[in-house]
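Inspection log for the structure reproduced underneath, given as structure tokens.
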């Protein structure tokens, strides 16, 4: 399919492809992080960031600066970039970009539902939602009191509707169900996203298959790790794993019965790419796992920019920006809390 | 002896006894309060030491907790709202009880509840759940320390107040009540002595008067009975003075006899 794409890709998507690759060069480099790590106060960090793409967003922030403010402004930058690109996108890129934001949308839905259950003010809840995951009817989510109503009244009009068919029970919503609902939705979303990418075909499918497989496997790993010692049964755990990825299906069977970190490790190491990751870590260092996984993800995301004529770059750009914001958050927190010795533990260098 | 620093009382033997009773009470009370003040000060110092320790630990724990939150946010994204919105009631409560140190009631705080062990343990299932739990535990530890510190600080303030009151009482007993009682007792004793001396003098006076009257009576009898008693007439003027001095000596030597003999003396 390669040749065909090259012939027609730039007709519709050439401009945005150029834009996103332009944004890519705006990502912070290792030199930037080194400078940031030298900072003594949050104002120093702001000063350094004003020299980057974040400059206009942080320039007018008055001085006692908080970490949350910095993170919020950086998120604003990502959201602005994203909405600009989304407005200019033609089909099927527009759908693809929408798919990228469904993850946030699920989080927002869950946030509002939880808030409603505890009778919080809807407007307050809306302010807390992630701006990338907003949709028109989000405010009306507050009317629902159980899953069935939620689906019938509100979600049927949203892109998330198909994912709900799996979790549709009339059980009352409580913390446990909500957390399971969130993960079931996410699983359905990842499955759907993978199918959509396959339908798009070509380089996009090839690139995204790799990225989504990693994402699905990472979620499976995290769910297993975080559900050890909780009330979640093995069957429930199994149901939360996505239906693709390198671990599917045999790895999942092993993960589902894993009871401690070493068993998880054994299950994961049967997969060569993950074996490499796990050999990086010594035994018993589960704390480092997040960072190692983030590093692996970033490595894969950066590779997508090596390929031409595909949509994966948009997904990659969003993810890289988010990682970058996480890095900035980490550095700022370390500086603010005077824990500079830990700075390098959290930064994932992108370039 | 100034009149300001004593009680205004009638100087009688009964009041003297009362005052002596009060003095011994004051001395005993002073000793007891002093002991109490020492006990309180001892406890006060212990608490102070503990407060310093806890505060230093507090600094470390709070730092660790704040950082655990950062780590959780790094792994799980912004989970703050998820946690906030699913809170139904306080999972950690503080119960106040009382502790007794040398009669001073000191409020004591204790944690109730296990910090919502069961409810939130699926938060962050997809990412960072473990870090969130670590963060929760870290803050629970910090809360425990805070409660302990609150307990200590309240005890510190209460004890401080109690020690001040007790010391004030000790000093008041030592420097005001005791001297005042002592002065009063001394005053009453002085007054009683004075009264005694006055009484004694009056007694003497009465006695000498009676003696003079008796002498005069005798002289008159002698004068009417035998006029030619020239020897007695010559020694006459000297005899009363000599007789007076002699009677004083006699009265002083056996006062009780005189008291018993003379019906004018009522006591």
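Just checking, which of B:132, B:106, B:27, B:47 is buried (at least 17 other Cβ atoms within 10 Å of the Cβ), part of a helix (DSSP H, G or I) and more than 14 Å from chain A (Cβ to nearest Cβ)? Walk me through it before giving the result.
On the way: B:132 fails: more than 14 Å from chain A (Cβ to nearest Cβ); B:106 fails: part of a helix (DSSP H, G or I); B:27 fails: buried (at least 17 other Cβ atoms within 10 Å of the Cβ).
Only one candidate passes the filter, namely B:47.
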Exercise. How many residues are without any contact (Cβ under 8 Å) to a residue 40 or more places away in the chain and more than 9 Å from chain B (Cβ to nearest Cβ) if we restrict to the range A:117-142?
Worked result: 17
For this session: Give the range B:66-98 a look and list any residue that's touching a residue at least 24 places away in the same chain (Cβ under 8 Å) and under 49 Å from the mean Cα position of the chain (by Cα), or say none.
Result: B:91, B:92, B:94
Exercise. Which condition number does residue A:275 fail, the rest of (1) outside any loop (DSSP other than H, G, I, E, B); (2) modelled with pLDDT under 80; (3) more than 14 Å from every other protein chain (Cβ to nearest Cβ) being met?
Worked result: (2)
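Condition first: surrounded by fewer than 16 Cβ atoms within 10 Å (Cβ to Cβ) and over 19 Å from residue A:227 (Cα atoms). Now tell me which residues in the range A:251-279 satisfy that. Before you say what the answer is, go through the steps one by one.
Within the range A:251-279, the first condition is being surrounded by fewer than 16 Cβ atoms within 10 Å (Cβ to Cβ), and the residues that meet it are A:253, A:257, A:259-260, A:262-263, A:266, A:269-270, A:272-273, A:275-276, A:279.
Those that are surrounded by fewer than 16 Cβ atoms within 10 Å (Cβ to Cβ) and over 19 Å from residue A:227 (Cα atoms): A:269, A:270, A:272, A:273, A:275, A:276, A:279.
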Exercise. Condition test on residue A:254, is it farther than 20 Å from residue B:128 by Cβ and either touching a strand residue (DSSP E or B) at 6+ places or on another chain (Cβ under 9 Å) or in a loop (DSSP other than H, G, I, E, B) (or both)?
Worked result: no
For this session: Having 2 or more residues that are more than 14 Å from chain B (Cβ to nearest Cβ) and surrounded by 15 or more Cβ atoms within 10 Å (Cβ to Cβ) is the bar; report the helices (runs of 4 or more DSSP H) wholly within the range A:285-351 that clear it.
Result: A:289-304, A:312-336
Problem set entry | Given (1) surrounded by fewer than 17 Cβ atoms within 10 Å (Cβ to Cβ); (2) more than 26 Å from residue B:28 (Cβ to Cβ), number of the condition residue B:179 does not satisfy | (2)
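Assess whether residue A:267 counts as being assigned to a helix (DSSP H, G or I) and at pLDDT below 85. Outline the logic, then answer.
Details: assigned to a helix (DSSP H, G or I): yes; at pLDDT below 85: yes.
In short, yes.
The values are calculated or read from the model by the stated rules, or taken from the named source; none is laboratory data. Keep in mind it's a predicted model, so treat the numbers as computed, not measured. Cβ coordinates were reconstructed from backbone atoms using ideal geometry, including for glycine residues, and neighbour counts include every protein chain displayed.
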